[in-house]
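The values are calculated or read from the model by the stated rules, or taken from the named source; none is laboratory data. On a predicted model such as this, the values are computed, not experimentally measured, just so you know. So basically every Cβ, Gly included, is an ideal-geometry build from the backbone, and we count neighbours across all protein chains shown.
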C-alpha cells in the first residue's frame, strides 16, 4: 500500500469503536505510526472533521483508510 503524506486527506473504511467517527468520514493525516509488538500494521493519526469542525483525533491502521488526492491547505487541482 502506498505511504501517505502528512496532511493528505483520507476517508475511513469503517466505524471506529468508542468514537463518533463513522465509515465515510474524512480526515487529515497528522502523524505516521510505526508497527509495534501488539499492533503489527503501521498506522496513521488522523484529525477527523465534520461540518468544518474537528470531530475527533484517532489512530488507526493504514488498512482502515482510503487515500484521497487532496491535501489540507492546498487548492484542489483543476481537471
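One residue stands out among those in region 14-34 that are without any contact (Cβ under 8 Å) to a residue 12 or more places away in the chain and either in a strand (DSSP E or B) or in contact with a strand residue (DSSP E or B) (Cβ under 8 Å, 6 or more places away or on another chain) (or both): the one that is farthest from residue 3 (Cα to Cα), which is 22.
Take region 57-76 and flag every residue that is within 15 Å of residue 5 (Cβ to Cβ) and either touching a helix residue (DSSP H, G or I) at 6+ places or on another chain (Cβ under 9 Å) or outside any strand (DSSP E or B) (or both). First the steps, then the outcome.
So in region 57-76, the residues within 15 Å of residue 5 (Cβ to Cβ) come out as 62, 65-74.
Matches in region 57-76: 62, 72, 73, 74.
Filtering 54, 45, 38 for residues that are under 19 Å from residue 69 (Cα atoms) and either modelled with pLDDT of 95 or more or assigned to a loop (DSSP other than H, G, I, E, B) (or both) leaves a single hit, 45.
For region 2-35, filtered to residues that are on the phi > 0 side of the Ramachandran plot and surrounded by fewer than 13 Cβ atoms within 10 Å (Cβ to Cβ), the residue that is modelled with the highest pLDDT is 24.
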